[in-house]
Amino acid sequence: MNKRNEHSIFTIQSKKAWILTLIIAVFVIVVIPILNMAVPKSSAFHIPNYLIPLLGKFLCYALVALAIDLIWGYTGILSLGHGVFFALGGYVMGMHLMRVMAGEGVYKSNLPDFMVFLNWKKLPWYWYGFEHFWFTLLMIVLVPGIFAFIFGFFAFRSRIKGVYFSIITQAMTYALMLLFFRNETGFGGNNGLTDFKHILGFSLYQQSTKVGLYVVTGIILFFSYILGKYIVQSKLGRVLTAIRDAESKVMFSGYNPLQYKLFIWTLSAILCGIAGALYVPQVGIINPSEMHPANSIEMAIWVAVGGRGSLIGAIMGAELINGAKSWFTQAYPDLWLFFLGFIFIGTTLFLPEGIIGLFRKFTHHAKSGGN
């Protein structure tokens with residue numbers, strides 16, 4: 001294999017696998033919207049309207065799983081606080097949606113309804129600028145990115161790792177959740193931000209807008225997957241894997257793990273923030289419960305079940321677990337947590353490489369002729 005081929009994006013994932021990935025992407029981004037918008041409701045192939053925002057929510061979760069896999073599966077850093085970055089991105093989008101509907105709320109005030117209810121007299125300074133969509137897009141990247149950079153810099157510089165790092169990320173999540181629950185912080189308190197009307201002039205109640213948001217989410221997930229693949233197959237990715245497997249040897253080889261860990265940690269947080277921003281207009285609400293420590297633990301379970309160290313596995317895990325959660329919470333709401341615990345324990349004991357690992361074993365077995 002020559003050097004040009006060695007650095008090709010196809011060095012790890014075969015061309016057949018990429019073709020399959022493209023087929024799945026086309027089905028998710030193109031076929032599903034057509035089945036919803038163009039196929040008659042009487043047809044067996046019609047996808048009901050209520051499924052579009054639900055599937056869009058699942059795609060947001062898949063983006064979160066991909067982000068966590070970059071930092072955990074490929075770098076060996078288990079974060080139990082990525083729910084914070086997801087929520088920060090969601091709050092940024094929520095603030096924009098609240099600002100653009102000024103005068104359209106229950107109280108017909110230029111202030112958000114919750115501020116009028118709490119007797120706020122003027123808009124806090126940190127709400128300025130969010131009436132502009134370009135400013136909101138910038139903040140979706142900067143707010144979780146800067147927060148993650150500062151947190152990661154001090155944590156990684158202090159060489160906090162392993163279970164201790166996981167614990168402090170959980171503490172961070174819990175602390176911010178309590179902060180956002182307070183009414184005086186100016187983020188809606190317990191109720192959060194909700195009752196959104198429109199985005200970029202399009203009504204959020206229109207099915208065409210919901211389909212549009214779903215398609216945008218699918219496109220961003222697809223390109224995030226390509227970005228992730230490019231990173232993990234590059235020299236940077238090999239250094240990250242080396243840090244995961246033997247960080248001390250990486251240091252002895254002349255590399256400074258801090259800058260590599262900080263980069264992938266910040267990128268992972270930004271992807272989570274983008275996922276949160278896409279989640280809010282499709283679900284219609286963002287509140288501090290998204291920062292609950294249990295949510296961040298569940299995000300890590302998605303990756304473990306799908307197979308960490310495999311971006312497609314993380315995506316599969318997020319889709320499978322959330323699909324099961326959607327069904328269980330309707331059919332057997334009291335059994336969901338038991339099922340989740342059973343899945344996680346079973347994966348840990350019998351499928352340490354997750355679903356993707358099982359798939360690889362079957363593929364290898366088939367190629368070897370069953371020997």
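The values are calculated or read from the model by the stated rules, or taken from the named source; none is laboratory data. Owing to the predicted nature of the structure, the values given are computational and were not obtained by experimental measurement. No Cβ is skipped: glycine too gets one built from the backbone with ideal geometry, and neighbour counts run over all protein chains shown.
Give the residue, chosen from Ile312, Ile270, Ile301, that is touching a Leu at 6+ places or on another chain (Cβ under 8 Å), β-branched (Val, Ile, Thr) and either surrounded by 22 or more Cβ atoms within 10 Å (Cβ to Cβ) or closer than 23 Å to Ala67 by Cα (or both).
Going through Ile312, Ile270, Ile301 in turn, the sole match is Ile301.
Go through the stretch 141-190 and give me each residue that's outside any helix (DSSP H, G or I) and either more than 24 Å from Leu271 (Cβ to Cβ) or touching a residue at least 12 places away in the same chain (Cβ under 8 Å) (or both).
If the condition is that a residue be outside any helix (DSSP H, G or I) and either more than 24 Å from Leu271 (Cβ to Cβ) or touching a residue at least 12 places away in the same chain (Cβ under 8 Å) (or both), then Ser158, Arg159, Lys161, Arg182, Gly186, Phe187, Gly188, Gly189, Asn190 are the ones that fit.
Could you say whether any residue in the stretch 210-219 is surrounded by 18 or more Cβ atoms within 10 Å (Cβ to Cβ), in contact (Cβ under 8 Å) with a residue 24 or more places away in the chain, in contact with a helix residue (DSSP H, G or I) (Cβ under 8 Å, 6 or more places away or on another chain) and farther than 30 Å from Val31 by Cα?
no
Please work out if Ile71 is at pLDDT 95 or above, surrounded by fewer than 19 Cβ atoms within 10 Å (Cβ to Cβ), in contact with a helix residue (DSSP H, G or I) (Cβ under 7 Å, 6 or more places away or on another chain) and over 30 Å from Tyr128 (Cβ atoms).
It is false that Ile71 is at pLDDT 95 or above, surrounded by fewer than 19 Cβ atoms within 10 Å (Cβ to Cβ), in contact with a helix residue (DSSP H, G or I) (Cβ under 7 Å, 6 or more places away or on another chain) and over 30 Å from Tyr128 (Cβ atoms).
Would you kindly identify the helices (runs of 4 or more DSSP H) lying entirely within the stretch 250-365 that contain at least 3 residues that are in contact (Cβ under 8 Å) with a residue 40 or more places away in the chain and not hydrophobic (A, V, I, L, M, F, W, C)?
257-283, 293-306, 311-331
For the condition under 30 Å from Pro48 (Cβ atoms) and part of a loop (DSSP other than H, G, I, E, B), what is the one hit in Tyr214, Tyr205?
Tyr205
Name the single residue that is modelled with the highest pLDDT among those in the stretch 9-36 being of a type in the set (S, T, N, Q) and surrounded by 13 or more Cβ atoms within 10 Å (Cβ to Cβ).
If we take residues in the stretch 9-36 being of a type in the set (S, T, N, Q) and surrounded by 13 or more Cβ atoms within 10 Å (Cβ to Cβ), then Asn36 is modelled with the highest pLDDT.
Considering only the stretch 48-95, state which residues are in contact (Cβ under 8 Å) with a residue 12 or more places away in the chain and part of a loop (DSSP other than H, G, I, E, B).
Correct list: Pro48, Asn49, Gly73, Tyr74, Thr75, Gly76, Ile77, Leu78, Ser79, Leu80, Gly81.
Looking at the stretch 224-259, which of its residues are among the hydroxyl-bearing types (Ser, Thr, Tyr), surrounded by fewer than 20 Cβ atoms within 10 Å (Cβ to Cβ) and within 27 Å of Cys60 (Cα to Cα)?
Matches in the stretch 224-259: Tyr225, Tyr230, Ser234, Thr241.
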